[in-house]
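One structure is given below, encoded as structure tokens.
The values are calculated or read from the model by the stated rules, or taken from the named source; none is laboratory data. Worth saying up front: this structure is predicted, and the values here are computed from it rather than measured. Because the Cβ atoms are built from the backbone with ideal geometry, glycine has one as well, and the counts that use them run over all protein chains shown.
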Amino acid sequence: MSLRVLTASALRPKRAWPSHTLIPRTWATLPSILPTPITRHSSSSSSPTPAEIIASWKSSALSKPVIIEHDTIRPTSLRQLAMTLNKSTPPQEQDPLARIGSPLPVNWHHIFFPPMIGECDLGDDGYEMTHAPPAPYLARMWAGGGVEQNPANLLRVGQEMTMKTKCTGVDIKQSRSGDVMVFVSLEKVVENESGWALTDTRTLVYMEKDEKKKSDGSSTPKLVKPRRQADFSTTVHPSAILLFRYSALTFNSHRIHFDHEYANKVEDHPGCLVHGPLSATYMLENLRQKLASGLVMKNFRYRALSPLIVDRPFKVCAKKMQVVPTMDADVLESYEVWVENSEGGLAMSGTVEVVKEQ
């Protein structure tokens, strides 16, 4: 992989998203996503405030040059992901993903452009630190994101791709429980030989690792139930093998996904966590299997609400919604998609807009 510097102006302008596609009303009930801004104030103490720590880092994060990477959509990698998602071995002669020119399913691009970073340059949690804030905000979680496809120029098997990554935002907020959260937004623009094909936006949240705040098991997270009944759904059983294979395919060495002792004793999770992009991919796969021929998912937005745990089944759901005037004129179908954890509470929620392939 080669890297070179590109000015920020070379990035495709960000699309203005309709508000209804960003924040479904169910999200407003969750304390973890209703942070309040931290007010910066003077202090007689020599220790910097959280706002001061992040403010000094924010300007450097936003001014970093665009990172340019290259990769190829390889049939072998796609077959490996197909087996990871479905846990069975598809006959190669019947597998459309093995054919050059087949369209790349939405969100499958995560297995390409792996982080080319040696172990000595990773954080203690095994994750790459390219856009990570300074200590003590080192506990990282996937907060959400989205994908916009170009229906006239879909990514296809066998194509060469270029991805341009830029940090587009840093925001420091405080949860109702008083925890400081640093939200880092990234934009990844993917092009093929015909130009712009896809824009991936993602938000990561970083929190302080504090042993004194580790849970004693006495508190139970609030369970928020979905507002709607699904039109169709499927149940996923996230095994340790599933999490390991997805980590391997994405070259993701974040220890919360495969190291139980670390996930439990250091980051205070009941067990290893299901990857945010993997959960989002399951949401889209559940819908993709139902779409009529010639239709493609153009806009996808989602938000992670609570973690999913290894060996605890979760339910992937979708419901067809009414197309409204504020959507793009070419939108033919609209869906709410979500994931319910093993207790029936919302773990991830999003929206999908479907158009005709051009």
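Applying the condition of being closer than 30 Å to Thr162 by Cβ and hydrophobic (A, V, I, L, M, F, W, C) to the stretch 30-66 and asking which residue is modelled with the highest pLDDT yields Val66.
Against the numbered list (1) surrounded by fewer than 19 Cβ atoms within 10 Å (Cβ to Cβ); (2) out of contact with any helix residue (DSSP H, G or I) (no Cβ under 6 Å at 6 or more places or on another chain), Gly146 comes up short only at (1). Apart from one condition, Pro136 fits all of (1) more than 15 Å from the chain's Cα centre (by Cα); (2) buried (at least 18 other Cβ atoms within 10 Å of the Cβ); the exception is (2). Scanning the stretch 296-306 for residues that are buried (at least 21 other Cβ atoms within 10 Å of the Cβ) and in a loop (DSSP other than H, G, I, E, B) yields a single hit, Leu305. Here Met327 fits the description: surrounded by fewer than 22 Cβ atoms within 10 Å (Cβ to Cβ) and touching a His at 6+ places or on another chain (Cβ under 9 Å).
Listed conditions (1) modelled with pLDDT under 95; (2) in contact with a Pro (Cβ under 8 Å, 6 or more places away or on another chain); (3) not in a loop (DSSP other than H, G, I, E, B) are all met by Val184, apart from (1). Outside any strand (DSSP E or B) and touching a Ser or Thr at 6+ places or on another chain (Cβ under 6 Å): is that true of Val323 in this structure? Here the answer is yes, as Val323 does meet what is asked. Sub-6 Å Cβ pairs linking a first residue in the stretch 314-327 that is at negative phi to a second residue that is of a type in the set (Asp, Glu) and not in a strand (DSSP E or B), at least 6 apart or interchain, are Lys319/Asp231; Lys320/Asp231, ordered by first then second residue. Of everything in the stretch 113-132 that is farther than 16 Å from Met163 by Cα and among the hydrophobic types (A, V, I, L, M, F, W, C), the residue that is surrounded by the most Cβ atoms within 10 Å (Cβ to Cβ) is Ala132. Within the option set Val205, Val224, being modelled with pLDDT under 90 and under 27 Å from Val147 (Cβ atoms) holds for one residue only, Val224. Note on the stretch 258-295: among residues that are among the basic types (Lys, Arg) and in contact (Cβ under 8 Å) with a residue 12 or more places away in the chain, the one that is surrounded by the most Cβ atoms within 10 Å (Cβ to Cβ) is Arg288.
For the stretch 234-252, a residue qualifies if it is of a type outside the set (Val, Ile, Thr) and in contact with a helix residue (DSSP H, G or I) (Cβ under 7 Å, 6 or more places away or on another chain), and the qualifying residues are Leu242, Leu243, Arg245, Tyr246, Ser247, Leu249.
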